[in-house]
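Throughout, read-outs are computed from the coordinates displayed, never taken from laboratory work. Since the model is a prediction, treat every value here as computed from it, not as a measurement. Here the Cβ is made from the backbone with ideal geometry for all residues, glycine too, and neighbour counts use every protein chain on show.
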Amino acid sequence: MYTYVFAFYLVKTNQSVIFEDNQRDLESATEKLSEYLERDITSDNLIDIKQKVTTISLVSSRTKMSNLNSVYFFAGSRQIPLL
């Protein structure tokens with residue numbers, strides 16, 4: 001999905017601001033996941049890392065679905081607010 005390209009052509013509306021905020025949240029979550037998975041995993045921190053990765057993955061999945069629903073909403077309404 002080319003969400004950055006899609007966001008670039010959107011006219012600024014409340015929905016487009018929410019879309020861009022969600023996109024920023026996804027980027028941040030991806031960075032956090034990368035940081036956790038690059039750590040040395042030991043038996044001491046295994047449970048903590050597993051919980052954090054699971055939580056971030058779930059939140060990211062929901063945010064991704066919200067963004068995809070926004071794309072389908074704009075496309076389905078035939079009122080795609082493009083420049």
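Can you tell me which residue within the range 1-59, out of those that are among the basic types (Lys, Arg) and assigned to a helix (DSSP H, G or I), is farthest from TYR72 (Cα to Cα)? Outline the logic, then answer.
Taking the range 1-59 as the starting set, the residues that turn out to be among the basic types (Lys, Arg) are 12, 24, 32, 39, 50, 52.
Adding the requirement that they be assigned to a helix (DSSP H, G or I) leaves 24, 32, 50, 52.
On the way: ARG24: 19, LYS32: 28, LYS50: 33, LYS52: 30 Å.
Residue satisfying both the conditions and the ranking: LYS50.
Within the range 48-61, can you find the residues that are more than 11 Å from the chain's Cα centre (by Cα) and in contact (Cβ under 8 Å) with a residue 12 or more places away in the chain?
ILE49, LYS52, VAL53
Please count how many residues of the range 1-47 are surrounded by 11 or more Cβ atoms within 10 Å (Cβ to Cβ) and either in contact (Cβ under 8 Å) with a residue 24 or more places away in the chain or touching a Ser or Thr at 6+ places or on another chain (Cβ under 6 Å) (or both).
17
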